[in-house]
1. Helix-only mean residue ellipticity at 222 nm, the chain, DSSP H runs n ≥ 4 weighted -39,500 (n - 2.57), per residue, nearest 500. What is it?
2. What helices in the chain pass both tests, a Cα length along the helix axis of 15 Å or more and a mean Kyte hydropathy of -1.0 or higher, using whole DSSP H runs?
3. State the cysteines of the chain left without a partner when partners are defined as other cysteines whose beta carbon lies under 4.7 Å away.
4. With the Cα gyration tensor of the range 1-49 giving a ≥ b ≥ c as the square roots of its eigenvalues, does the rule (a/c under 1.5 for rounded; else a/b larger than b/c for prolate; else oblate) give rounded, prolate or oblate?
5. If you take every DSSP beta bridge fully contained in the chain, what fraction is antiparallel? Give it as a percent rounded to 5.
6. How big is the charge dipole of the chain about its Cα centre, in debye rounded to the nearest 20, if each Lys and Arg gets +1 on its Cβ and each Asp and Glu gets -1 on its Cβ?
7. For residue 222, go through the aspartates and glutamates and keep the ones whose alpha-carbon is under 17 Å away, minus same-chain ones fewer than eight residues off.
8. Give, as a single signed number, the net charge of other residues whose beta carbon lies under 9 Å from the beta carbon of residue 229, with Lys and Arg counted +1 and Asp and Glu -1.
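Every read-out reported here was derived from the displayed coordinates using simple, explicitly stated rules and does not represent laboratory data. Keep in mind that what you see is a predicted model, and the values were worked out from it rather than measured. Glycine also receives a Cβ, built like all others from the backbone with ideal geometry; neighbour counts cover every protein chain displayed.
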Amino acid sequence: MKKCKLLVSDVDFTLLGDKENLSQFAEWFEEHRACLQLVLTSGRFIESIMESLRETDLPEPDYIVGGVGTEIQSYPERHSIAAWDADMFGNWDGDCVRQLLSEFDRLEPQADEFQSDFKVSYFLPEAGSGELDSISEFLQDQSIHAELIYSSDRDLDILPAGCNKGTAAEFLANHLGYEPDDVIVCGDSANDLAMFQYDFSGIIVGNAHPELRALEGPAIYKSPRDYAAGVLDGLDHWLHRRPRMPVTVPDTSSSSHPGEPCSFARINLSPWS
Ligand code: GLC
Ligand code: MG
């Protein structure tokens, strides 16, 4: 059910990273659940995010995007969205990509649990742009339409072209009927970068990698606070200090509080630690 805002947040080192910050976020989120839908988005697969939901204070989301955008499921029903799979993954053959790339000595395949038919992942410490370009050109020469996502100076994910956390967030926003101004995205590393390329309101947490902290633009808020405290600070920024859209329920027939404006309390962050 559509609500007032859609919050799409990365998990590792964005919401997860500091227990106290996370429980403050979880408490705030539960108080505002009627006004917000939550999407957890991760480089990890959905099964692994399910474990984190059991073991940490992460709030229960409405959707989970896993494997850097290769999987989308509703929560708790765990229904996949058929249009996403069919549209995105047409002719992709992950094993063929793995086989072709075996000639690149510096590519160290990640363990099997981090691989799927659609997500081909390697460790590649400190790759330069030339090295990434040559992998990309090699795949193009083989007529493989791939998306290369290099993050944390180490992880290289190779996915079907057009599949990433940004396209997954945009797809879900459209699917659920949100205008870009009503979507808030949060992240810490380059696998989140694509989410900041839409006109969504962006939150970059204080502990983010330089590749993300370097982003600039009217829709980017770089919090000085770390992890979930950065997310809360960013929410206060976009909901109160610099709202981009009036905070009202957009669709009175399907909203949780028909006709009532959604009210988001100002967020009092605990003192700096
Ligand atoms: C997560 C995944 C890993 C991926 C990385 C960057 O750590 O487990 O496979 O390479 O995110 O997207
Ligand atoms: Mg992260």
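1. Dividing the helical sum by the residues of the chain leaves -8500 deg cm²/dmol.
2. Flagged H segments are 129-141, 165-176.
3. Among the cysteines of the chain, those whose Cβ sits 4.7 Å or more from every other are 96, 163, 186.
4. Taking the square roots of the gyration eigenvalues as a ≥ b ≥ c, the range 1-49 is oblate.
5. Bridges in the chain are about 45 percent antiparallel.
6. Result for the chain is approximately 1100 debye, rounded to the nearest 20.
7. Partners within reach: 10, 188, 192, 199, 211, 233, 236.
8. Neighbour charge sum, excluding residue 229 itself: -3.
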